[in-house]
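Okay, so here's the structure we're looking at.
Here, each number is a calculation from the coordinates, and none is a lab measurement. None of these values were measured; they are calculated from a predicted model. Note: ideal-geometry Cβ built from the backbone for every residue, glycine included; neighbour counts use all protein chains shown.
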Amino acid sequence: MNKPKPADVEKKIKQWLLEEGWQLASETRPDFRFVVIADDGSGKKLIISQHTQKPDRVAVEGIVSVSDDHAKKIAALPSRRRQEFLWDLRFDLLATDVEFSGLGEPLQRINLAQPIFYDALTKDTFMQRVSEVKKALLLVLWKIGWLTEEPPPQIGFVKG
C-alpha cells in the first residue's frame, strides 16, 4: 500500500472538517508539515497538525489558556482546594483517553491532544478524535468555571 503524502492528508482532513461545518485557517510553523486551525463556530478551536518528525501521525490538539481573571480567582483559593481541583481534573482527563499536560501551579495553559496515525485515518476515526479532544476541552473549561463559581454554560455537546 502506498503511503499517503502529507499534502493529500491535509487536503482530506480539511475536506472532512468543512463537510462537518468547521471554519478553517492554515498556519505555517517551523518543523510542521501543516497546521490547520479549526473553529467549530461556537468559539471552540482545535489545532490539527503534523510535525515533520512524525511522518505518519496527525495530532488533534486543544489548548485552554487560563485568563488572568480566572488565574487570580484560582490563586486566591486555599492551597488544599487548588490541589484537590488539579487532582480531580487529572483523574477526569485520564478517563477521556486524551493526552494532556500543563496541570500544575500556577494554572496557565492546558494542552489536550490525541494522535491519529495514517493507518487509521478515515473520516469516522478522525472525527471521533476531534470529538474526544473537544469534549476534553469542554471538561476543562467547565471545571474551571465550576471552580471559579461561574454560572453553568447554557450549551450541551452535540457530535457533528
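Structural remarks
- Scanning the chain for trypsin sites (Lys or Arg not before Pro) in DSSP loops with at most 16 neighbouring Cβ atoms within 10 Å leaves 45-158 as the longest stretch between them.
- Pairs from 54/143; 14/143; 12/44; 11/54; 14/45; 3/135 whose Cα-Cα separation, in the structure shown, is over 24 Å: 54/143; 14/143; 3/135
- Going from the residue with the fewest nearby Cβ atoms within 10 Å to the one with the most, 13, 144 rank 144, 13.
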